[in-house]
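Worksheet: one structure, shown below.
The values are calculated or read from the model by the stated rules, or taken from the named source; none is laboratory data. All of these numbers come straight from a predicted model, not from anything done at the bench. Positions of Cβ are generated from backbone atoms using ideal geometry, with glycine treated the same way; all protein chains shown enter the neighbour counts.
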Amino acid sequence: MEILTGFLHRLCQGEPSGASQSAIDVIHVDRMKPLPPFILINKDGAALPEFKAINRAAYWDYQRQRIYVRSSKVIKKACQKTLTRKVKRLPVKQTLGYSAPVSCTYCGSASLFKCGTTDIFVHDIRFTQSGVKGWVTRHICENWYCLKCQRLVRPPGTTKFAFRKYGLHLRAFATYQLIHLRISGITVAKSLNQLFHFDVTGSIISTFKSDFATLYTKTVAELIERIARGSLVHADETKARMIGKSGFVWVLASWRMSSSSTVIPAREIWSMRC
């Protein structure tokens, strides 16, 4: 700042340019030649020639981990532990047994025959006053088939998804996060694995939603019929995405039904017009 102030002071005093040219270091910016652009990585892969040897040795650093694994049993064992995903097994909280069915629940026939036994561990959750915890139940049931319709007959009193790997409450909790909270299936699966030590994936969470869609198909049909019989129908459209395509779906409701009973009967998504 002092040099700049002194230079401006001498210019204002009108000193001859020839006498002070040697004493004052003046640089004309317009006469400067532009510097070549600095390239961090050239065609040889290094900004400076000294870096070429380092780049050639980079492959050695990549192979160093393999050399350590082969030479040291301790490091090899540690690497195997990090690569393999450990899943903590929850203890079995309850064991349920079922009696044999009396008749077929589909055709009513009493001609049944036994063929094998189902022994499955159902992973579910339990809601308590203090929170939510994982719950594993062992289900043991004899397999009875109907001679008339050749269908598998489950004993009376069995609940939905009783003989599936994941229970009803876990499926409902995951579907609630997927639909209502709009959390992705991968994130829901990761949170369930961290909290309850399950081994679910994003594709499994998607099957939960499909199973509930099949389960409530009859309920949706009854709601549509109730809306069609009403004297007034409220219709609205909302934007939706399905398999990477944008579109609109219709939301229908009658004036007697509350907003929580709104139903979306349309299965086809119309493509959005520009």
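Tabulated values for the structure
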quantity	calculated
Some residue of the range 139-160 being in the same structural domain as Ile205 (by TED's automatic domain parsing), under 30 Å from Ser191 (Cβ atoms), in a strand (DSSP E or B) and at pLDDT 90 or above	no
So His169, is it surrounded by 11 or more Cβ atoms within 10 Å (Cβ to Cβ) and under 30 Å from Val92 (Cβ atoms)	yes
Cβ-Cβ under 7 Å pairs, at least 6 apart or on other chains, the range 200-221 side assigned to a loop (DSSP other than H, G, I, E, B), far side of a type in the set (Gly, Ala, Ser)	Val200/Ala189; Thr201/Ala189
Flag for Thr159 being touching a helix residue (DSSP H, G or I) at 6+ places or on another chain (Cβ under 8 Å) and of a type in the set (S, T, N, Q)	yes
Exclusive hit being surrounded by 12 or more Cβ atoms within 10 Å (Cβ to Cβ), under 26 Å from the mean Cα position of the chain (by Cα) and modelled with pLDDT of 85 or more, set Ile204, Ile269	Ile204
Qualifying positions in the range 27-47 - loosely packed, with under 10 Cβ neighbours inside 10 Å and at pLDDT below 75	Ile27, His28, Val29, Leu35, Pro36, Pro37, Phe38, Ile39, Leu40, Lys43
